[in-house]
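**Student:** Okay, here's the structure, questions in a sec.
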Amino acid sequence: MLRSMYSGISGLKNFQTKLDVIGNNIANVNTFGFKKSRVVFKDMMSQNMTGASGPTGVDPDAPTRGGTNARQVGLGAQLAAIDTIHTGGNLQSTGRPLDLAISGDGYFVVGQYNQDGELVDYSYTRAGNFYLDQQGNLVNGDGYFVVGAGGEPAPEADFKDGVEEQPGEAGEPITDPRKITIPVNAKEMTIGPDGTVNYIAGPDDPNGGEEGQLMTAGKIIFAKFSNAEGLQKSGNNLFSPTANSGLPLFNYAVTSGIGAVATSTLEMSNVDLSEEFTEMIVAQRGFQANTRIITTSDEILQELVNLKR
């Protein structure tokens, strides 16, 4: 069979994958905190018809000949990578106090606690559309608690479930992960650029504050990775670490290279529709060109079959 036919098949498979990725990007153009993906190709192995040779004729009295290059026939293309592009999306003002965005690097940490109050399962997200549950806990749309801490950084990290913490560039590791809870009778709540959640105490404040006193409910914890592109999408706007993402660096906002918190704001998807539609056209034409390779190869084979009648 002709090598060109199989090269065309490899091209079809690659452009199908590219169209799948483009379709997912476009589907999530309005998904808060979504990070687009891109497909990168690379050539497959090549078959050597003849190898390269150096100049011949070392004898000064003998005729010499220059070197020749190798003659190779490529065998198609293959998938090199599907990258997740973690550039920041545009920030959209919403006017809703519980909508938060990170202006810069970093991820919100959301997770679940067991009955003993220990953080046992958590993920990372850029989507900051948060809510208060029945008990006043700050949660995301799926009910995962926004992980916070009380007080200032402590000398030793105390995250549960065997997660290794690293010290920030300016400050100590975060300790004592906890839920961020706003009392039901609180009069007003504000969130600062560093992720500190404050509220105005109402009567009979459960944290002991006098009515009208400014109280702190906690401080939001953020995570940063040495290789954010190594994170794995796990659905529901969440990311999970992998062996190549590096261990999370936990700290507060505007610390250790983590960006500031923008309140009443959400980060939009970083998908650029004009770019995606252009890439779609390129993928479509590439797919069509590869089908032409297959049909042309088929016509040649048909001519060979017709030689014997």
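**Student:** Could you tell me which numbered condition Gln92 fails, if it satisfies all but one of (1) touching a strand residue (DSSP E or B) at 6+ places or on another chain (Cβ under 8 Å); (2) within 28 Å of Ile293 (Cβ to Cβ); (3) surrounded by fewer than 18 Cβ atoms within 10 Å (Cβ to Cβ); (4) modelled with pLDDT of 85 or more?
**Tutor:** Every condition holds for Gln92 apart from (2).
**Student:** Determine whether Thr295 is over 19 Å from the mean Cα position of the chain (by Cα), at pLDDT 95 or above and surrounded by fewer than 20 Cβ atoms within 10 Å (Cβ to Cβ).
**Tutor:** no
**Student:** Kindly indicate whether Phe250 is within 19 Å of Ile85 (Cα to Cα), crowded, with 18+ Cβ neighbours inside 10 Å, touching a residue at least 24 places away in the same chain (Cβ under 8 Å) and in the same structural domain as Arg126 (by TED's automatic domain parsing).
**Tutor:** Against the criterion (within 19 Å of Ile85 (Cα to Cα), crowded, with 18+ Cβ neighbours inside 10 Å, touching a residue at least 24 places away in the same chain (Cβ under 8 Å) and in the same structural domain as Arg126 (by TED's automatic domain parsing)), Phe250 does not qualify.
**Student:** If the Cβ limit is 6 Å and pairs must be 6+ apart or interchain, which residue in segment 63-81 that is without any contact (Cβ under 8 Å) to a residue 60 or more places away in the chain and surrounded by fewer than 14 Cβ atoms within 10 Å (Cβ to Cβ) pairs with which residue that is β-branched (Val, Ile, Thr) and not in a loop (DSSP other than H, G, I, E, B)?
**Tutor:** Close Cβ pairs satisfying both conditions: Arg65/Thr56; Arg71/Thr50; Ala80/Val40; Ala81/Val40.
**Student:** Of all residues being among the hydrophobic types (A, V, I, L, M, F, W, C) and assigned to a strand (DSSP E or B) in segment 232-247, which is surrounded by the most Cβ atoms within 10 Å (Cβ to Cβ)? Just the residue, please.
**Tutor:** Once the filter is applied, the top-ranked residue is Phe239.
**Student:** Next question. For segment 27-39, what are the residues that are outside any loop (DSSP other than H, G, I, E, B) and surrounded by 15 or more Cβ atoms within 10 Å (Cβ to Cβ)?
**Tutor:** Ser37, Arg38, Val39
**Student:** Could you please give the count of residues in segment 212-231 that are surrounded by 13 or more Cβ atoms within 10 Å (Cβ to Cβ), touching a strand residue (DSSP E or B) at 6+ places or on another chain (Cβ under 7 Å) and not in a loop (DSSP other than H, G, I, E, B)?
**Tutor:** 10
**Student:** Condition check: touching a strand residue (DSSP E or B) at 6+ places or on another chain (Cβ under 8 Å), buried (at least 18 other Cβ atoms within 10 Å of the Cβ) and in a loop (DSSP other than H, G, I, E, B). Does Gly209 satisfy that?
**Tutor:** yes
**Student:** Next up: Go through Gly218, Gly209, Gly230 for me and flag whichever is free of Cβ contacts under 8 Å to residues at least 24 places away in the same chain and over 26 Å from Ile26 (Cβ atoms).
**Tutor:** Answer to the check: Gly209.
**Student:** Within segment 40-48, identify whether any single residue is crowded, with 17+ Cβ neighbours inside 10 Å and under 30 Å from the mean Cα position of the chain (by Cα), and answer yes or no.
**Tutor:** Checked against the condition, which is being crowded, with 17+ Cβ neighbours inside 10 Å and under 30 Å from the mean Cα position of the chain (by Cα), segment 40-48 yields at least one hit.
**Student:** Okay, moving on. Do the conditions hold for Ala228, that is, is it more than 10 Å from the chain's Cα centre (by Cα) and either under 14 Å from Met189 (Cα atoms) or not acidic (Asp, Glu) (or both)?
**Tutor:** no
**Student:** Now a separate question. Got a number for residues in segment 261-292 being among the small types (Gly, Ala, Ser), buried (at least 16 other Cβ atoms within 10 Å of the Cβ) and closer than 27 Å to Gly106 by Cα? First the steps, then the outcome.
**Tutor:** Start the filter on segment 261-292 by keeping residues that are among the small types (Gly, Ala, Ser), which leaves 262, 264, 269, 274, 283, 286, 289.
Still in the list and also buried (at least 16 other Cβ atoms within 10 Å of the Cβ): 262, 269, 283, 286.
Cutting the leftovers down to closer than 27 Å to Gly106 by Cα gives us 262, 269.
Result for segment 261-292: 2.
**Student:** Sticking with this structure for a sec: Which of the residues that make up segment 113-138 are assigned to a strand (DSSP E or B) and more than 21 Å from the chain's Cα centre (by Cα)?
**Tutor:** Correct list: Tyr113, Leu119, Val120, Tyr131, Leu132, Asn137, Leu138.
**Student:** Looking only at residues in segment 261-295 that are of a type outside the set (Val, Ile, Thr) and part of a loop (DSSP other than H, G, I, E, B), which one is nearest to Lys219 (Cα to Cα)?
**Tutor:** Result: Ser264.
The values are calculated or read from the model by the stated rules, or taken from the named source; none is laboratory data. Model, not experiment: these values are computed from the prediction. All Cβ positions, glycine included, derive from the backbone under ideal geometry; neighbour counts span all protein chains shown.
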